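Engineer: Encoded as structure tokens, here's the structure I'll be asking about.
A short reminder: the numbers here are calculations on the coordinates, not readings from a lab. Fair warning: this is a prediction, and the values are worked out from it, not measured in the lab. Cβ sites come from the backbone with ideal geometry, for glycine too, and all protein chains shown count toward neighbours.
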Amino acid sequence: MYENIIAIPFRNRGAHLEYFIKNTVPLLQEYLPNSKIVVIEQNEGKLFNRGALLNVAFKEYENKTKYFFTNDVDINPSLEIIKSIYTKEDIEMFRIKSAHTVSLGGIIKVKHDIIFDINGFPNNIWGWGIEDRALYHRCCMKNINITNNPNQSFKIMPHRSNAITYTGEKKLISDMWMPNYIDSLDDKQKEEMIMSTGLNNIEYTILERKMIHDVVEVIKVDI
């Protein structure tokens, strides 16, 4: 049983992962003992799906940890944040680093049972964005308490955005996670929306599984 599983969604960011392992992993080992870093690498061939990759980590370590972190590979917390923020307990959902207030992306810490209660991320968001907003709204619909981190001392590695314009089905999915649509639903409809896609029906195939460091595992998957 681990205290923490730190899940990193990943594809084609080798330099960022190398930096994270060299600079952040030693701090995690020192201040978060009994933790494991799990890199979920998506196979080529489809648009990147951050939410589904994180769901894979949640499923693979179901009932094997107390807390989950999600940590984008290009965001490195300072020593002070790891010592004072990462170690906090008795929280449901901790927004450690995110782009805006209607979002749970970047870095979060969440209790194991909470992420399963909200059914993780939707699996049907391919490409850039939305999944972090969807997770935020799932927490709101389930009345999960979100704690904010006032210390925003992070090193963010330079990278090119792969943002895409939402069209067709993607635009429809984006609209589903807007407040005006969610507010129009009753409790039963909200529950149906949460349970329509997520941890309860994630499908994936593990292509490779290996340890690349004492506490870092890579799980390569096809989703």
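Engineer: Taking the radius of gyration and the Kirkwood hydrodynamic radius from Cα positions alone, what is the Rg/Rh ratio for the chain, to two decimal places? Before the final figure, lay out each step's value.
Structural biologist: Numbers: Rg = 16.6 Å, Rh = 17.7 Å.
Over the Cα atoms of the chain, Rg/Rh equals 0.94.
Engineer: Excluding same-chain residues fewer than 8 positions from Lys111, which lysines have a Cα within less than 20 Å of its Cα?
Structural biologist: Lys36, Lys59, Lys64, Lys66, Lys83, Lys88, Lys97, Lys142
Engineer: Are there any GluC sites (Glu not before Pro) in segment 34-119 that are in a DSSP loop and have at most 16 other Cβ atoms within 10 Å? List them by number.
Structural biologist: Details: sites: Glu41, Glu44, Glu60, Glu62, Glu80, Glu89, Glu92; in loops: Glu44, Glu62, Glu89, Glu92.
Sparse-neighbourhood loop GluC sites (Glu not before Pro): Glu44, Glu62, Glu89.
Engineer: Any idea what angle helix 50-60 forms with the longest principal axis of the chain, computed on alpha-carbon atoms, 0 to 90 degrees, nearest 10?
Structural biologist: Orientation of helix 50-60: about 70 degrees from the principal axis.
Engineer: With both bridge residues required to lie in the chain, what share of the DSSP beta bridges run antiparallel, to the nearest 5%? Before the final figure, lay out the partial values.
Structural biologist: On the way: 19 of 40 bridges.
Around 50 percent of the beta bridges assigned by DSSP in the chain are antiparallel ones.
Engineer: Just flag the trypsin sites (Lys or Arg not before Pro) in segment 64-115 sitting in loop per DSSP whose Cβ has no more than 14 other Cβ atoms within 10 Å. Write down the numbers at each step before the final one.
Structural biologist: Working: sites: Lys64, Lys66, Lys83, Lys88, Arg95, Lys97, Lys109, Lys111; in loops: Lys64, Lys88.
Of the trypsin sites (Lys or Arg not before Pro), the ones in loops of segment 64-115 whose Cβ has at most 14 other Cβ atoms within 10 Å are Lys64, Lys88.
Engineer: Another question, if that's okay. Could you give the length gained on full extension between Ser78 and Gln152, defined as 0.36 nm per residue of separation minus the Cα-Cα distance, in nm? Numbers along the way, then the final one.
Structural biologist: On the way: separation 74, 0.36 × 74 = 26.64 nm, distance 0.90 nm.
Residue separation times 0.36 nm, minus the Cα-Cα distance, leaves 25.7 nm.
Engineer: Let me ask something else. Which far-off residues, 5 or more places away or on another chain, put their amide H under 5 Å from the one on Ile96, with H placed in the peptide plane?
Structural biologist: For Ile96, the qualifying residues are Ile107, Ile108, Lys109.
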